[in-house]
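Working notes, structure below.
The values are calculated or read from the model by the stated rules, or taken from the named source; none is laboratory data. Quick caveat: nothing in here was measured; it's all calculated off a predicted structure. As a convention, Cβ positions derive from the backbone with ideal geometry for all residues, glycine included, and neighbour counts pool all protein chains shown. The area values use the complete protein model at the heavy-atom level, side chains included, leaving out ligands, DNA and RNA. Shrake-Rupley method; radii C 1.70, N 1.55, O 1.52, S 1.80 Å.
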Amino acid sequence: DNDPATFGTTTGGIYQVSVTPPFATRLFMDLNTYPGLATGPIPHTASGPTSPTSCTQPAGYRPPGAPYSCWEYDTITYDAVGTTGLGDLDISEDDLAIWVVNLTTRQLLEIPIGLTPTAPPAAAISRYPLTTLPDLVSGPNACPSANDLRPFGLGLRDFRVYVGLVCSAEST
């Protein structure tokens, strides 16, 4: 459920879901409220998802007279995909930390949550920049630009963290 009245609207939200009845969901923390961790603004137009000024319906997209919603064809959001918000998120094997990729800052974040999950202060969050890794920004297999590195995926195994990145080549 992505009801803004219930959870708010944010690109930096990490939610806590209860796995026992009543299966409640709550905003655990919002990285946009932490200095230096902002995940970017919501890219949708402020005029609303069904406003005729918020997007353009391409010819032939819907039959004449069919209902149309800009959420189905949101051209304003295209450039934000893969560059705004959060990528993959995993919980550490000991359940004491959340690992998450910040797509906007291109950082891997280690967020300590403790045995009774609690959102930590900003100073407790470890940040690992992913665009300065030597093998990815120099040498024969490097991206043309560090700005082309786009992290997203994560894997945790045997207390090691694996990060999936692609070279978008958007600079070329």
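The table for this structure:
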item	result
Accessible surface ranking that places the most exposed of 37, 165 first, with a 1.4 angstrom probe	165, 37
Ranked order, 143, 167 - accessible area, probe 1.4 Å, largest first	167, 143
Loop-located chymotrypsin sites (Phe, Trp or Tyr not before Pro) in segment 136-172, at most 10 other Cβ atoms within 10 Å (DSSP)	159
Dipole of segment 73-172 [Lys/Arg +1, Asp/Glu -1 at C-beta], most positive-end residue of 113, 102, 130	130
170, 93, 110, reordered so the largest accessible area comes first (probe 1.4 Å)	170, 93, 110
Against the rule of thumb 2.2 N^0.38 Å, how large the Cα Rg of segment 116-172 comes out	1.43
Packing-based ranking, highest mean first, of 24-36, 116-128 given that Cβ atoms within 10 Å are counted	24-36, 116-128
